[in-house]
Amino acid sequence: MSARISIAGVSERDVDLLLLEEFQSSPTFRDWFVLQALGPTVHLGRCVRAQRSVTHFTGESDLEVVFSNSDGSHTRLMIENKVGAGLEPLQAERYRVRGDSYIADGHCAAYHTVIVAPARYFSEAGGHKGFDSRVTYEQILQWFLGDQSLGERRHYKAALLRSAIDKATIGYQPEEDAPTTKFWLAYWGHATKFASRLEMRKPNLKPSG
């Protein structure tokens with residue numbers, strides 16, 4: 001029986017590196033991830049490169065995984081990983097601009113954008129936050145629990161993902177809605193000017209609804 005594992009303070013970087021290890025070393029995980037993200041009809045070929053924190057003039061990809069197809073062309077998976085922080089303005093769109101730039105520059109023939117996050121991060125069933133597809137932490141957790149080839153190491157990997165899921169549940173930060181935030185700030189300004197005795201605190205960024 002494995003020892004009980006407790007991992008506090010899990011960050012997005014921790015999950016990035018966990019995924020990067022599997023993309024680099026596990027064909028089974030790569031095939032499974034592509035299946036979850038793109039469906040059973042898509043086959044991307046041989047993995048030739050996996051990188052973390054790929055910078056570009058349009059921003060940064062948390063992970064990029066490059067596959068070589070049978071005809072020699074390349075397909076790139078561009079992955080955004082979120083534990084709890086909201087998306088930056090136009091972040092999904094900037095991923096697409098980045099992918100279009102890769103195609104224009106001859107770095108790949110096709111790309112797919114994927115967001116990886118706890119299920120709670122998505123406000124609607126099947127929502128992708130503007131990315132082509134999504135894979136949840138809970139799905140990845142189940143993969144680790146079922147992969148007997150990892151031996152006892154799978155318990156550590158599962159514990160790290162559980163901690164990330166717990167962190168998202170406790171410290172979730174929903175995506176900002178600019179009009180809602182603007183309304184709250186205007187209300188705060190009005191209250192401060194005309195009803196200072198209420199001592200209303202300046203509001204933080206607000207989500208829609």
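Summary table
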item	result
Residue in region 92-109 that is outside any helix (DSSP H, G or I) and either under 25 Å from LYS206 (Cβ atoms) or under 17 Å from the mean Cα position of the chain (by Cα) (or both) present	no
Qualifying residue in region 10-19 (condition: in contact with a Ser or Thr (Cβ under 8 Å, 6 or more places away or on another chain) and open to solvent by 50 Å² or more (accessible area, probe 1.4 Å))	no
Flag if VAL42 is modelled with pLDDT under 95 and either assigned to a helix (DSSP H, G or I) or out of contact with any strand residue (DSSP E or B) (no Cβ under 7 Å at 6 or more places or on another chain) (or both)	yes
Those residues of region 27-43 which are open to solvent by 30 Å² or more (accessible area, probe 1.4 Å) and either over 14 Å from LEU77 (Cβ atoms) or among the β-branched types (Val, Ile, Thr) (or both), in sequence order	PRO27, THR28, PRO40, THR41, VAL42
Hey, GLN24 in contact (Cβ under 8 Å) with a residue 12 or more places away in the chain and either aromatic (Phe, Trp, Tyr) or open to solvent by less than 80 Å² (accessible area, probe 1.4 Å) (or both) or not	no
Residues located in region 121-146, provided they are open to solvent by less than 50 Å² (accessible area, probe 1.4 Å), at pLDDT 85 or above, closer than 20 Å to PRO40 by Cα and not in a helix (DSSP H, G or I)	PHE131, SER133, VAL135, THR136
Condition met for ARG52 (charged (D, E, K, R) and not in a strand (DSSP E or B))	no
Residue count, region 65-91 (criterion: over 14 Å from the mean Cα position of the chain (by Cα) and either under 30 Å from SER208 (Cβ atoms) or outside any strand (DSSP E or B) (or both))	7
Of residues in region 166-197 being loosely packed, with under 10 Cβ neighbours inside 10 Å and at pLDDT below 75, the one farthest from VAL10 (Cα to Cα)	ARG197
Condition met for ALA117 (within 19 Å of ASP16 (Cβ to Cβ), among the hydrophobic types (A, V, I, L, M, F, W, C) and buried (at least 18 other Cβ atoms within 10 Å of the Cβ))	yes
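The values are calculated or read from the model by the stated rules, or taken from the named source; none is laboratory data. Given the structure is predicted, the values throughout are model-derived calculations rather than measurements. Cβ: placed from backbone, ideal geometry, glycine included. Neighbour counts: every protein chain shown. Remember, those area values only see protein heavy atoms, side chains included, never the ligands or the DNA or RNA. Shrake-Rupley method; radii C 1.70, N 1.55, O 1.52, S 1.80 Å.
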